[in-house]
Structure formats: structure tokens, C-alpha cells
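Presented below is the structure to which this report refers.
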Amino acid sequence: MVAIRTNEYELIVAKPFAPNLGAEIYGVDLSQTVPDDQFAEIHDAFLKYQVLFFKEQKEIPPEQHVIFGKRFGPLHAHPAAPTMVGHPEIFEIHATKDSKIANGEFWHSDVSCDETPPLGTMLQIHIAPQCGGDTMFSDMYAAYDDLSQPIKTMIDGLSALHTSEHIYKGRYSDRGKQDADINCPEAVHPVVRTHPDTGKKSLFVNRTFTTRILGLTESESDAVLKLLFEHAEHIRYQIRFRWALNDMAFWDNRCCMHRAIWDYWPEERKGRRVTVKGDRPV
Ligand code: SIN
């Protein structure tokens, strides 16, 4: 029998996107100040669903986007990305026919190479291709839960190095960003982290930034990372979101990964991204 879920909130509508993660959110106007009681429901839904897709939105004024981001905590400054003119807190995602690369094409948790990686990221898309340009998300709670007990026992106390020079150096040169002197962060984080709000454990390694498991030989580290990357990227943990113009996605980097699909060249895709600072993973 198919279970019919009724809306569990009073001031927003949360429509589950898939059984594992994600919810579409209706009844919120992000171009205006969100009332406190509605914000409390959004916050609850964010922790519950890991990624929210705010539907039926107008273009959010940049100031309002920043204000909404700050309600979740101080904002995170990206070490390398181009920002919006006059709005240094806003990272502009932009791919055109002249781009050499598009943002986020491999599975990752945003800037996991930082000592305090982002809690969450909110992206609104303002120019969308006719079709394509989807973003995929993957549930890292479920990926951890599904591991066998012997593998959990092995990785529970391990830490991994996350680096970024191979990603950030030269990455945005086609967008006029000089980065010869940028600081490319690196940090050591637990392979399994505990979410500070939900208390749940999630797998915290990703193919973009995680380069080495500490305490293992190089070949052991390579083999364990390969196993964990392939497991975390299994289709059973994934959803694939198709954007409508002005949709805003807000994902929790502490418990999900994402990747963007650049299948729309030579068309254009553009959006604004505000990123909220997180805690040091434990
Ligand atoms: C990213 O922030 O990693 C890119 C996401 C996207 O462009 O859909």
C-alpha cells in the first residue's frame, strides 16, 4: 500500500522529493523577509530533508539572499570563486559557451577542505538552459548506515586529509579571476562525522577534495577511498533535481553531497550562491 503523507507543517508546504532525501517547499516568498515562525518550520524541514527546493520563487534580491543566509549563521567566504559585483558574500555560478569548466561537476560537499566547512549552501538559478543543468544530491546518512559493521568499525576512528590546490588553482581564470596568490585550504576531518543538530552519523569523504586517509599506507588509503567514494555515489542514495527558473535549493553539506551536470553546452546557466559557515566536523 502506498503511504499518503499529509503536510506536517502549518506555515509551509513540504512535499517529499524522494523517499531518501529532499523536499519541495511551497508557500514561502524568499524575496521578502521570512517571518520567524515560518523560518522555524523551514529550519526544521532543512534538518529533516537535508536539501530543500523552494519552488514558485521570484528572483531574490541579493541583499535579501544574504539576509536569509545569515539567519542560519555567519556566512562562509569561498577561497577562490568569483563573487557578484557589489556583493562579496555572493558566489556567482556561471557557465556559457566560452566556459572551460562548470562548477561542481564532481561529487563533493562544498569546500570540505576548510577547517570549518560550510553548514549549507543556498543557490538560486536565474538563467537556466532549455533543458538539462540538473543537480544531483546524495544522502550521506544512508550511505553510512548501509555500511557493514566491520567497515564501520574500521573507518569510525579514521581521519582524512581534504585538499584544494588541485581544484582551485586556475579554476576561474576563464572568468577573469587571478589566483596565483590564493590560499588553497586543506584540513583533516573525521571520515565519519556526527551532525551537530540531528546527532546522526554520516560519511564525510568526497572525490573532489578528500585525497588521503591518515594512518594508512598510500595503497591502503587509495583502496579504502575508492571503496567509500563508489559506495557514497551509489544510485540508491541519489536524487536528481531539475531546476525551474528562480528555484532556490538549500542543501546541508554536513550530511549530503552534490554534483552539477554540465550537459547543456553551449547554452548558458547562471545562479547566485550564498554559503553558511559550519562547525569543525566531529
Ligand atoms: C555547486 O555549488 O557545487 C554547483 C551546483 C550547481 O551549479 O547546481
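Every number here is computed from the coordinates shown, using simple stated rules; none is lab data. In this text the structure is predicted, and so the values were computed from the model without any measurement. Cβ: placed from backbone, ideal geometry, glycine included. Neighbour counts: every protein chain shown.
Does Gln64 satisfy the criteria of being away from the ligand (no atom under 15 Å from the Cβ), out of contact with any strand residue (DSSP E or B) (no Cβ under 8 Å at 6 or more places or on another chain) and within 23 Å of Arg240 (Cα to Cα)? So Gln64 does not fit the description; no. The residues of the range 106-138 that are under 19 Å from Pro185 (Cα atoms), part of a loop (DSSP other than H, G, I, E, B) and within 11 Å of the ligand (Cβ to nearest atom), listed by number, are Phe106, Trp107, Ser109, Asp110, Val111, Pro118.
The residue that is farthest from the ligand (Cβ to nearest atom), among those in the range 88-99 that are in contact (Cβ under 8 Å) with a residue 60 or more places away in the chain and not in a loop (DSSP other than H, G, I, E, B), is Glu89.
Quick check on the range 143-153. Is at least one of its residues out of contact with any strand residue (DSSP E or B) (no Cβ under 8 Å at 6 or more places or on another chain), hydrophobic (A, V, I, L, M, F, W, C) and either more than 12 Å from the ligand (Cβ to nearest atom) or without any contact (Cβ under 8 Å) to a residue 24 or more places away in the chain (or both)? Checking the range 143-153: at least one residue is out of contact with any strand residue (DSSP E or B) (no Cβ under 8 Å at 6 or more places or on another chain), hydrophobic (A, V, I, L, M, F, W, C) and either more than 12 Å from the ligand (Cβ to nearest atom) or without any contact (Cβ under 8 Å) to a residue 24 or more places away in the chain (or both).
The set of residues from the range 237-256 being near the ligand (Cβ under 10 Å from one of its atoms) and among the aliphatic types (A, V, I, L, M) comprises just one member, Ala249.
The residues of the range 227-282 that are within 18 Å of Gly69 (Cα to Cα) and among the aliphatic types (A, V, I, L, M), listed by number, are Met248, Ala249, Val274, Val276. Looking only at the range 39-77, which residues are within 17 Å of the chain's Cα centre (by Cα), surrounded by fewer than 18 Cβ atoms within 10 Å (Cβ to Cβ) and not hydrophobic (A, V, I, L, M, F, W, C)? Once the filter is applied, which keeps residues that are within 17 Å of the chain's Cα centre (by Cα), surrounded by fewer than 18 Cβ atoms within 10 Å (Cβ to Cβ) and not hydrophobic (A, V, I, L, M, F, W, C), the range 39-77 yields His43, Lys48, Lys70, Gly73, Pro74.
Phe229 meets the conditions (1) in contact with a Leu (Cβ under 9 Å, 6 or more places away or on another chain); (2) of a type in the set (Phe, Trp, Tyr); (3) more than 16 Å from the ligand (Cβ to nearest atom) in every case but one. The failed one is (1). When the strands (runs of 3 or more DSSP E) confined to the range 186-252 are screened for residues that are in contact with a Cys (Cβ under 7 Å, 6 or more places away or on another chain) and surrounded by 19 or more Cβ atoms within 10 Å (Cβ to Cβ), those reaching at least 1 such residues are found at 187-190, 201-203.
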